[in-house]
1. I'd like to know if region 13-23 contains one or more residues that are in contact with a helix residue (DSSP H, G or I) (Cβ under 9 Å, 6 or more places away or on another chain), in a loop (DSSP other than H, G, I, E, B) and within 25 Å of N188 (Cα to Cα).
2. Looking only at region 20-43, which residues are over 21 Å from the mean Cα position of the chain (by Cα) and exposed (fewer than 15 other Cβ atoms within 10 Å of the Cβ)?
3. Do you know which residues across region 231-257 are under 25 Å from R288 (Cβ atoms), in a helix (DSSP H, G or I) and open to solvent by 40 Å² or more (accessible area, probe 1.4 Å)?
4. Scan region 133-188 for residues that are acidic (D, E), without any contact (Cβ under 8 Å) to a residue 40 or more places away in the chain and either under 19 Å from L11 (Cα atoms) or part of a loop (DSSP other than H, G, I, E, B) (or both) and jot them down.
5. Among V134, V138, V115, which is under 19 Å from I71 (Cα atoms), surrounded by 21 or more Cβ atoms within 10 Å (Cβ to Cβ), at pLDDT 95 or above and in contact with a Ser or Thr (Cβ under 9 Å, 6 or more places away or on another chain)?
6. Residue pairs, Cβ under 8 Å, 6 or more apart or interchain, first in region 380-393 and without any contact (Cβ under 8 Å) to a residue 24 or more places away in the chain, second surrounded by fewer than 21 Cβ atoms within 10 Å (Cβ to Cβ) and not in a strand (DSSP E or B). List them.
7. Failed condition for V278, given (1) under 30 Å from T127 (Cα atoms); (2) in a helix (DSSP H, G or I), with all others met?
8. Mind checking which residues of region 34-60 are touching a residue at least 24 places away in the same chain (Cβ under 8 Å) and touching a helix residue (DSSP H, G or I) at 6+ places or on another chain (Cβ under 8 Å)?
Amino acid sequence: MDSINIGVIGLGYVGLPLARLFSTKYPTIGFDMNQSRVDELMQGHDTTMEVSDELLQDAINNHGFKCTTSIEDIKDCNFYVVAVPTPVDVNNRPDLMPLIGASETVGKVISKGDVVVYESTVYPGVTEEECLPVVERVSGLKYNVDFFAGYSPERINPGDKQHTVEKIKKVTSGSTPEVADLVDSVYNSVLVNGTHKAPSIRVAEASKIIENSQRDVNIAFMNELAKIFNAMGIDTHDVIEAASSKWNFIKLSPGLVGGHCISVDPYYLIQKAQVYGVLPRVMTNARRLNDGMGDYVANQVIKLMNKKGVLVKDAKILILGITFKENCPDIRNTKVVDIYHTLSEYTSDITIYDPWADRERVKHEYDIEVTNVAPKSKFDAVILAVAHQGFMNLDIRDMVGSNGVIYDVKGVLPRDVIDGRL
């Protein structure tokens, strides 16, 4: 391949930072079906806040980076990168439709000698068994004869300004040894910390999915410990601090597991394992436990309110934060909504304050009203659900009545301020 012209399909949390980075080295075009998203990006602003306005505008003005909804604009590319979401449906079954749709798009534009690299998180086999046959069918070209493929799993951590895309060490792979070398060299050329070249696409797919599954299982263990120690009247965070004095103890904290990765990806491997006759009990139980933590937190708050004589029925409750993590606008699969729904069985007077969240998106996704302005009134209970930096400056004790309850999901507030924590 004499020259590399990159087309990135999907301009969300993964695709946009990658496309912007590639544009510093190669002619790059970003493709997305959402016209309003493309318009916003071409005006130099990213509402996900993964790419700063300065970097985005530099890419557009000085590197020729372009975003488009027109498939004609990416026909001259020869190195395609697919970075679309891989969600689950209401029954937690993998939904490959975004990937199938993106593969159809690739099939319409790919030419002989071109390469398509998938970044979306999937179970082993999806790239070659599900995606590439679609590219073959639409294009009329033959895989590994007319066009080639690679897989380089995304490792974007939304809101993380330290481990940005150019600093992440990437796993790469290719459908032939030569293509693996090409894919590896393209990624290596823009990454500070280089790559790890996996021996096959399936190995690369598997490596990604166990990264997040491992985190899910580890956090589930901490959440189970929190339930045990709370029942015993022991502070879980004190226990973890004590245990972490041992050199090989892995220090993690209990909490809500949301977002598009840790709370979703394990289901892909769980389903595929069962196809092979393996029942992944540890992963399945971890998912079940973590998915129930929002309801558990709500019931802990109710218990504390009852102990302090605060009437739960029609109580005035404030939830601080709805995004799935701190200092980030990402609301995907946030488990704060589970806290809200459990409490809403007792009261409709619930306020959610989050200066990071997009109110319209929250309303569209969850049918929940959110305010971006700090409330002035007093509440019967305040729940710190997300540890946004701005919340650390709030006088939360002043936000509750004389016998009001303060519950700290994140374990970041001073001990003398709170009534309970996870």
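The values are calculated or read from the model by the stated rules, or taken from the named source; none is laboratory data. Just so we're clear, the structure is a prediction, and the values are computed from it rather than from any experiment. FYI the Cβ positions are ideal-geometry reconstructions off the backbone, even for glycines, and counts take in every protein chain you see. Side chains included, ligands, DNA and RNA excluded: accessible areas come from the protein's heavy atoms. Shrake-Rupley method; radii C 1.70, N 1.55, O 1.52, S 1.80 Å.
1. Yes: region 13-23 contains one or more residues that are in contact with a helix residue (DSSP H, G or I) (Cβ under 9 Å, 6 or more places away or on another chain), in a loop (DSSP other than H, G, I, E, B) and within 25 Å of N188 (Cα to Cα).
2. Those that are over 21 Å from the mean Cα position of the chain (by Cα) and exposed (fewer than 15 other Cβ atoms within 10 Å of the Cβ): K25, Q35, S36, D39, Q43.
3. If the condition is that a residue be under 25 Å from R288 (Cβ atoms), in a helix (DSSP H, G or I) and open to solvent by 40 Å² or more (accessible area, probe 1.4 Å), then A231, M232, V239 are the ones that fit.
4. Residues satisfying the conditions are D146, D160.
5. Within the list V134, V138, V115, the selection yields V115.
6. M392/V412
7. Condition (2) is where V278 drops out.
8. L41, M42, D46, T47, T48, E50, V51, L55, L56, A59
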